Structures are given as structure tokens and as C-alpha cells.
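Novice: Below is a structure I'd like to ask you about.
Where a number appears in this text, it was derived from the coordinates with a stated rule and is not lab data. From a predicted model like this one, the values you see are computed outputs, not experimental measurements. Neighbour counts run over all protein chains shown; Cβ positions are idealised from the backbone, glycine included.
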Amino acid sequence: MVISTAIADAGQALHCTFASRYVRTSLPRFKMPENSIPKDAAYQIINDELMLDGNPRLNLASFVTTWMEPECDKLILSTINKNYVDMDEYPVTTELQNRCVNIIAHLFNAPVKEEEAAVGVGTVGSSEAIMLAGLAFKRQWQNKRKAEGKPYDKPNIVTGANVQVCWEKFARYFEVELKEVKLREGYYVMDPKKAVEMVDENTICVAAILGSTLNGEFEDVKLLNDLLTEKNKETGWGTSIHVDAASGGFIAPFLYPDLEWDFRLPLVKSINVSGHKYGMVYPGIGWVIWRTKEDLPDELIFHINYLGADQPTFTLNFSKGASQIIAQYYQFIRLGFEGYRNIMGNCAENAKVLRGGLEKTGRFEIISKEVGVPLVAFAFKDSKHNVFEISENLRRFGWIVPAYTMAPDAQHIAVLRVVVREDFSRTLAERLLNDILRVLRELDELPPKTVQVKEATVQAADNSADGVVFKKSVRETQEEITRYWRRFVQGKKMNGVC
Ligand SMILES: Cc1ncc(COP(=O)(O)O)c(C=O)c1O
């Protein structure tokens, strides 16, 4: 039946969505429409509106996978109608999830024997994984405190101020105080010494990040482990560590196999990783792995009798798609260790090209490290322009490069960040570099920015007449940018970078 034609009896020849009335009526935005519309019209209209979104491949703000092989796309599409939670109905899918958990646990050096099953679960992403890991720590700590006859109503968790917003969510949703080690200029990750100083008898764990969201840097988990071991000896508190390896968990094992950050360190009890970041699966998959089954309190696992089978589950959600889990297993067997190592090596090389090109300009200070997530975070050395202008101007060429301020107490530093993913080749890196240089040249041609700042005028009233034009220092400009920017990001963590 043809129902999309404007003139029904004009026949098949006019069965064209753009010749129909559906493209000249505005779509309802608040209430469900009374009538149906043809499927081709619905597809065309939505698809066209989505053209106004950014291009995911040029979205250099995100760590999340934007390209997979067509064979895997096929697998995803053919399994998109499977609900992962129907384990009895889809036992093979459950088995694939378990294989993924085992593979990741071995990659992270969990102390599991050859044929022993590792303890872990697939999640929607690292955020859910972190909620589960946090809950396990909280319950362990509460159980211990109860057994000792001590109060257990004031749990806290120690992190760096650079943690991703999901840690703030965990703290607020599950009523745990978040104790953040502040950053400082030139040091943008959690200082293990200060973190250990902050630990007290109510600390459920210290969370370290392998691949800070702000600059990709790996925190020193080994030093944290050593310092905490000492403190535990003195206090008997037995505080342990969670590693948020959302990005770094699929980088370190391949590029820095000798770096000790995982279950090789005795105090590391759980680790999360995003399958949809450098695990190289489209959005919707994360993992949390526990060192042993003793580190996951049994009372958090629900045994449900669902459709005739006993199902142990430990997730926040019940239903979820199965296709991302299947895609993760595809990547593991398709690429193997060799493939992941080559891809991570390419990403690191392309990040190096970009970093080198930016350094050559003499205008930028590189805030990211060579060892870490393959990304380039950079700030202006001078105050002639600000990073937000660069970010805005790069949009003209299609590039999405976020600009943001660092976390407290380094919030006067504003940076740009380019995440190098598998599908960001050297050619693209070189083109981006050219476009950054072009924007810089264009901005340089604008008249110099000496801004009349009322505040500064007032402060300097002793030795200058009102209305004097001031040339501001780099620091003053940075602070002004931060103040300006804060109006938009007040109370938001990371200013939208993920
Ligand atoms: C260090 C870190 N932890 C956690 C998350 C949250 O991860 P997800 O988006 O997989 O929930 C991110 C996201 O960028 C991150 O960078």
C-alpha cells in the first residue's frame, strides 16, 4: 500500500518522500502524533535531522569507538534483538560474556588458575562498572566495621580531583563522601602521597586512574600500593585500591607490559575498563573485574529465578542488549594480542606526530605525557588567544576538539584535547595540524587583545587613572577565561569531555 504520496492516485512514479506532504509538516516534539506516517518518510526525516549532529569520526573529544569492521557490524545487527539478561534462552551469549571476563582478567594479571573462572561482569560502560566496584568496597568496609563493633555510617573514598563525573555520581547516589586530592599547576593527576595522607578508618578504598580523562596520564598505582601498604601496617585499616582503567586498561597491557598497575599489585582488588573505548567496540560496553571472589560480597549478587533458571546477577540494570558483548568477543579473537598491540602502537605514533607538530609552533605547552592514553592535551604558552577560540574555529573544518579548564586547584589552566583513536590516521593528524595552524594564523592577524578590565582598573586605582587599558599577564588572562567559562560549566565535572 502506498500511503506516502501527496496525490494518492498519481501512482508509483510519485512515491517519493520529498514529493510527499510529510516533508512540509513540522514533527511533533512533545506529544505522540495522532496518525502514522510511512516508514520511508519517518526514516528520511529523522536521518536528515541527524545530519546536523557532528561527524563521529571527526569527534576528537571522545575516547569511544567510532569505527568497526563491516563483518562485526553484521554480527551486531544480527544480534541486536537479543536481550542479554535472557541467559537461559541465549546460553551461548552468556558463555561469550564469561569468556570476555576471563580474557580481561588474564590480561590484567588476576590470580586465577589455568581453568578457573575469573570474577567479573559486563556492564553498560565504565560508569556502571565503577558503581558496582564502589558498592562492593562499601559493603566490605561496612561488614568489617560491624564485625568490629564500630560505626559504619560515614564511609569515604579518596580520589584525585581529576576523576570523571561517574565517581561523583557514585559518591552522591550511594552516600559516600568523596575526598579529592587537589591538582596543582604542572601536576594534573592524583599525588599518591597526598592520597594516602587523606586515608582514614572510614575510607572504603582509594581510586586511582589509569589514563586521566583530562590529560591521559597514568597515575602511579605502584607507588600508591607501596605507600598504602606501609600505612595499613601502621593502622591495621586494610585499605585497598580500585583502578579506573576506563581508557588505559586496553592500552597499558599492549604498549607498557612491564608497567605494574594491575592485579600484580596486592592491594588492587578491582579494575574497570571500557570495552567501548580502547576495547574497540561501539558504545554500550564496559567491564569490571575483581581480584578474587572474596572481594565481591556475596550478598550483592542476586539469584533470580527467571524463566525457569537460577540466574546470578550483579548489575544495576536488568535488560540490556547482547550485541556489544558479542562484538567485544569478536575483537578479542579477530585481533588477538598482536592486533591490539599494533593498533595501540599506531595510535601512539599518530599522537606523537600531532604532538611534535604542535611543539614546533612554539606556541603550545603539551600537558599530556608520552606514556599514557594516546592523546594530545595542550595549552597556550602566551595569552594572545584562548583555547576556546581555537576549538570554535576548528568546527568550520568539521573537527570537534574540546576545550576545557583543568580540575581544582589547576582550574586556571585551559586546554584543548585531541584523542587519537584507531580510525584517526596519520593523514588526518597532519590535516588537523594544518587546520590548527591556519586558525592560529587567522587569529594572529586580528588586532591584539588588550582588554579594558574594570576589576583590574579598580585594583590598580592607586597608580593609574580610571579607564586605563591594561595588558594582562598570562595568568590573569587564564583566570579570566576560567571565570567566563565557569558560567557555562558551573557544577559540571569535566565540562562534557568523556
Ligand atoms: C577515567 C574515566 N573513568 C570513567 C569514565 C566513564 O566511562 P563510560 O563512558 O564508559 O561510562 C571515563 C569516560 O571518559 C573516564 O575517562
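Novice: From the Cα gyration tensor of the stretch 109-213, with a ≥ b ≥ c the square roots of its eigenvalues, which class applies: rounded if a/c is under 1.5, or else prolate if a/b is larger than b/c, or else oblate? Spell out each step's value before the answer.
Specialist: Working: a/c = 1.62, a/b = 1.11, b/c = 1.45.
Verdict is oblate for the stretch 109-213.
Novice: Also, I was wondering about something else. Near Lys384, which lysines are there with a Cα under 24 Å away, not counting those fewer than 8 places off in the same chain?
Specialist: In chain and number order, the partners are Lys360, Lys449, Lys454, Lys471, Lys472.
Novice: Still on this structure, I have one more. Once you have the Cα-Cα distance between Lys369 and Asn47, take 0.36 nm times their residue separation minus that, and quote the gain in nm to one decimal.
Specialist: Values: separation 322, 0.36 × 322 = 115.92 nm, distance 3.97 nm.
Using 0.36 nm per residue and subtracting the Cα-Cα distance, I get 111.9 nm.
Novice: Please say if the chain is rounded, prolate or oblate, where rounded means a/c under 1.5 for a ≥ b ≥ c the square roots of the C-alpha gyration tensor eigenvalues, and otherwise the choice is prolate for a/b larger than b/c and oblate otherwise? Walk me through the numbers before you get to the answer.
Specialist: Values: a/c = 1.70, a/b = 1.02, b/c = 1.66.
Note, shape of the chain comes out oblate.
Novice: Nothing charged except the Cβ atoms of Lys and Arg (+1) and of Asp and Glu (-1): what's the magnitude of the dipole of the chain about its Cα centre? Round to the nearest 20 debye. Numbers along the way, then the final one.
Specialist: Working: 60 positive and 65 negative charges, 201 e Å.
The dipole of the chain has a size of about 960 debye.
Novice: Can you compute the modelled spin-label distance between Phe318 and Asp153, with each label point 7 Å from Cα toward Cβ, in nm?
Specialist: 3.3
Novice: Next question. Under the rule of at least 5 residues apart or a separate chain, name every residue whose amide H is placed under 5 Å from the amide H of Val119.
Specialist: Trp290
Novice: While we're on this one: Please quote Rg/Rh for the stretch 270-376 to two decimal places, taking the Kirkwood radius as Rh and restricting both calculations to Cα atoms. Numbers along the way, then the final one.
Specialist: Details: Rg = 19.8 Å, Rh = 17.4 Å.
My calculation of the ratio gives 1.14.
Novice: Now a separate question. DSSP loop GluC sites (Glu not before Pro) in the stretch 358-398 with at most 12 other Cβ atoms within 10 Å of their Cβ, which ones? Please list the in-between numbers first.
Specialist: Numbers: sites: Glu359, Glu365, Glu370, Glu389, Glu392; in loops: Glu370.
Within the stretch 358-398, the qualifying GluC sites (Glu not before Pro) (loop, at most 12 other Cβ atoms within 10 Å) are Glu370.
Novice: Taking square-rooted eigenvalues a ≥ b ≥ c of the alpha carbon gyration tensor, is the stretch 162-283 rounded, prolate or oblate, where a/c under 1.5 means rounded and, failing that, a/b exceeding b/c means prolate? Could the numbers behind the result be given before it?
Specialist: Values: a/c = 1.59, a/b = 1.32, b/c = 1.20.
Prolate.
Novice: May I have the count of lysine pairs in the stretch 160-233 with C-alpha atoms under 19 Å apart, counting pairs 8 or more residues apart or located on different chains?
Specialist: Lysine pairs meeting the criterion: 15.
Novice: Also: On a straight-distance basis, which lysines could pair with Lys74 in a cross-link, Cα separation under 17 angstrom, same-chain partners fewer than 8 positions away excluded?
Specialist: Of all the lysines, those that pass the test against Lys74 - Cα under 17 Å, at least 8 places apart if same chain - are Lys82.
Novice: Counting pairs of alpha carbon atoms under 8 Å apart in space and at least six apart in sequence, what relative contact order in percent does the chain give? Don't skip to the end; give the middle numbers.
Specialist: Details: 837 pairs, mean separation 89.7, N = 498.
Reported as a whole number, the value is 18 percent.
Novice: Let me ask something else about it. With labels modelled as points extended 7 Å from the Cα through the Cβ direction, what inter-label distance (nm, one decimal) is found for Phe302 paired with Lys39?
Specialist: Going from the Phe302 label point to the Lys39 one covers 3.5 nm.
Novice: Which aspartates and glutamates, on any chain, are close to Lys146 with Cα under 14 Å apart, when same-chain ones fewer than 8 places away are left out?
Specialist: Glu201
Novice: How much of the DSSP bridge set in the chain is antiparallel, in percent, rounded to the nearest 5? Numbers along the way, then the final one.
Specialist: Working: 29 of 46 bridges.
Rounded to the nearest five, the antiparallel share is 65 percent.
Novice: Provide the packing ranking of 350-357, 141-148, i.e. peptides ordered by the mean count of other C-beta atoms within 10 Å per residue, highest first.
Specialist: On the way: 350-357: 19.6, 141-148: 14.1.
Output ranking for 350-357, 141-148: 350-357, 141-148.
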